[in-house]
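Colleague: If you scroll down you'll find the structure; I have some questions about it.
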Amino acid sequence: MAATKQVIATDRAPKAIGPYAQAVVHNGIAYLSGQIPLDPATMQIVEGGIAEQTTRVLENLKAVLEASGSSLEQVLKTTVFLKDMGEFTLMNEVYAKYFEGNTPARATVEVARLPRDVKVEIECIAVVG
């Protein structure tokens, strides 16, 4: 019997602003769409710099992971998209607090532009359960 995919949606993270799911779970793996620093209550970009934006992004990912039956501790891989690689150190300081002692594989790339002109977007893949 073929495994089915489960589409995940939670009000604890920003609603999808396009034709995609916050996450899809398939065969015990959660594939999370990229999160940007939107406050889920207001759907507005959080104020502040890269540290504040990274914090909001990781809180959004945490909420979607929990809705998927997973957690930050179960993350296998992240991809970080930065508007300016010059802000890598500040982003990395916040990121390290969320993955302290349990670092997943990661790729970080600088991109020309992100949705709503934010400074950071992060996606991840995690084990469920």
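Read-outs: derived from the displayed coordinates by stated rules, not from any lab. Every value quoted in this text rests on a predicted model; they were computed, and no experiment measured them. As a convention, Cβ positions derive from the backbone with ideal geometry for all residues, glycine included, and neighbour counts pool all protein chains shown.
Colleague: Determine the relative contact order of region 1-60: mean sequence separation of Cα pairs under 8 Å and six or more apart, normalised by residue count, in whole percent.
Modeller: On the way: 81 pairs, mean separation 17.2, N = 60.
After rounding, I find 29 percent.
Colleague: Counting only other residues whose beta carbon sits under 11 Å from that of LEU90, what net charge do I get with K and R as +1, D and E as -1?
Modeller: On the way: positive: LYS119; negative: GLU52, ASP84, GLU87, GLU93.
Residues close to LEU90 contribute a combined charge of -3.
Colleague: Amide H neighbours of SER70 under 5 Å, at least 5 residues apart or on other chains, H built in the peptide plane: list them.
Modeller: The answer is GLY129.
Colleague: Report the convex hull volume per residue for the chain, counting only C-alpha atoms, in Å³.
Modeller: 104
Colleague: Which of the listed residues, ALA67, THR4, TYR95, is farthest toward the dipole's positive end in the chain, when Lys, Arg count +1 and Asp, Glu count -1 at the beta-carbon?
Modeller: THR4
Colleague: About the Cα centre, and with charges only on the beta carbon of Lys, Arg (+1) and Asp, Glu (-1), how big is the dipole of the chain? Nearest 20 debye, please.
Modeller: Values: 12 positive and 15 negative charges, 78 e Å.
Roughly 380 debye, rounded to the nearest 20.
Colleague: Moving on. Pick out, in residue order, every one of the GluC sites (Glu not before Pro) in region 10-99 that is DSSP loop and has at most 15 other C-beta atoms within 10 Å; say none if there are none. Walk me through the numbers on the way to the answer.
Modeller: Numbers: sites: GLU47, GLU52, GLU59, GLU66, GLU73, GLU87, GLU93; in loops: GLU47.
Hits after loop and neighbour filter: GLU47.
Colleague: For GLN35, enumerate residues with amide H under 5 Å from its amide H, sequence gap 5+ or separate chain, H modeled in the peptide plane.
Modeller: Residues meeting the criterion, in which the H sits 1.01 Å from N, are ILE122, GLU123.
Colleague: For every helix of n ≥ 4 consecutive DSSP H residues, a contribution of -39,500 (n - 2.57) applies; sum these over the chain, divide by its total residues, and give [θ] at 222 nm rounded to the nearest 500 deg cm²/dmol.
Modeller: Working: 2 runs with 29 residues, N = 129.
Value at 222 nm, helices only: -7500 deg cm²/dmol.
Colleague: Sorted from fewest to most neighbouring beta carbons within 10 Å, what does the list LEU61, LEU114, LEU38 look like?
Modeller: Ascending number of Cβ neighbours within 10 Å: LEU114, LEU38, LEU61.
Colleague: Here is a follow-up. For THR79, put the label point 7 Å out on the Cα→Cβ axis and report which residues of region 88-126 keep their amide N under 16 Å from it.
Modeller: Those under the cut-off are 105-115, 120-126.
Colleague: Another question, if that's okay. Given a cut-off of under 8 Å on Cα pairs at least six residues apart, what relative contact order in percent is computed for the chain? Working shown, then result.
Modeller: Values: 260 pairs, mean separation 40.3, N = 129.
Reported as a whole number, the value is 31 percent.
Colleague: Go through region 15-24 residue by residue and turn each phi into a ³J(HN,Hα) via Karplus (6.51, -1.76, 1.60, θ = phi - 60°); whole Hz please, and just put x for glycine and proline.
Modeller: 5, 4, 9, x, x, 8, 9, 4, 7, 10
Colleague: Moving on to the next point. May I ask for the net charge around GLU110, where only other residues with Cβ less than 15 Å from the Cβ of GLU110 are counted and Lys, Arg are +1 while Asp, Glu are -1?
Modeller: Details: positive: LYS83, ARG106, ARG113, LYS119; negative: ASP84, GLU87, ASP117, GLU121.
It works out to a net charge of 0.
Colleague: For PRO37, what is the net charge nearby, where nearby means another residue's Cβ is under 10 Å from its Cβ and Lys, Arg count +1, Asp, Glu -1? Display every interim value, and only then the final one.
Modeller: Numbers: positive: ARG56, ARG116, LYS119; negative: ASP39, GLU47, GLU52, GLU59, GLU121.
Overall, the nearby charge balance is -2.
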